[in-house]
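Participant: First the structure, then my questions, so here it is.
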């Protein structure tokens, strides 16, 4: 009986971990974006589903140097509730950048929920 309980406990723990990893993976891919852009061009970020901010909070998105602190930003915009895409302007200077989606502003102003690389040519 004790062995059966241990096996069931182990199976429950594994199932929980798999569920958590699946949930995190789904949450981590909230948008798709181009990997490259011309300097100064429009960069369209497309959301997996219509965006819905928690009450009294907003999403915002920016293009920034990948080594910059999460509290820094470059070109940025608020993401409107119901948006299925957002357009940002690529930096004028060629180089490596990062698109960052922040959630829960102003409660957690620098909570990055997704990052993706962008090469500006």
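Participant: Of the residues 83, 75, only one is modelled with pLDDT under 95, surrounded by 14 or more Cβ atoms within 10 Å (Cβ to Cβ), within 20 Å of residue 43 (Cα to Cα) and out of contact with any helix residue (DSSP H, G or I) (no Cβ under 7 Å at 6 or more places or on another chain); which?
Facilitator: 75
Participant: So which residues in region 76-107 are more than 17 Å from residue 51 (Cα to Cα) and within 14 Å of the chain's Cα centre (by Cα)?
Facilitator: 98
Participant: Separate question: Starting from region 82-108, keep only residues that are at positive phi and touching a residue at least 24 places away in the same chain (Cβ under 8 Å), then list their pairs with residues that are crowded, with 21+ Cβ neighbours inside 10 Å and assigned to a loop (DSSP other than H, G, I, E, B) whose Cβ atoms are within a distance under 8 Å, requiring at least 6 positions of separation or different chains.
Facilitator: Qualifying pairs under 8 Å: 82/51.
Participant: So residue 56 passes all but one of these: (1) surrounded by 13 or more Cβ atoms within 10 Å (Cβ to Cβ); (2) in a loop (DSSP other than H, G, I, E, B); (3) on the phi > 0 side of the Ramachandran plot. Which condition number does it fail?
Facilitator: The number of the failed condition is (1).
Participant: Right, another one. I'm trying to understand the selection: among the residues of region 31-53, which are in a loop (DSSP other than H, G, I, E, B) and touching a strand residue (DSSP E or B) at 6+ places or on another chain (Cβ under 8 Å)?
Facilitator: Of everything in region 31-53, those that are in a loop (DSSP other than H, G, I, E, B) and touching a strand residue (DSSP E or B) at 6+ places or on another chain (Cβ under 8 Å) turn out to be 33, 34, 35, 38, 39, 40, 41, 48, 51, 53.
Participant: Here's another thing I want to ask about it. Among the numbered conditions (1) within 22 Å of residue 109 (Cβ to Cβ); (2) modelled with pLDDT of 95 or more; (3) exposed (fewer than 14 other Cβ atoms within 10 Å of the Cβ), tell me where residue 62 comes up short.
Facilitator: (3)
Participant: Restricting attention to region 6-29, does a residue exist that is modelled with pLDDT under 95, under 19 Å from the mean Cα position of the chain (by Cα) and under 30 Å from residue 93 (Cα atoms)?
Facilitator: Taking every residue of region 6-29 in turn, at least one turns out to be modelled with pLDDT under 95, under 19 Å from the mean Cα position of the chain (by Cα) and under 30 Å from residue 93 (Cα atoms).
The values are calculated or read from the model by the stated rules, or taken from the named source; none is laboratory data. If you're wondering where the values come from, they're calculated on a predicted model, not measured in any experiment. Every residue, glycine as well, gets a Cβ built from its backbone with ideal geometry; the counts of neighbours run over all protein chains shown.
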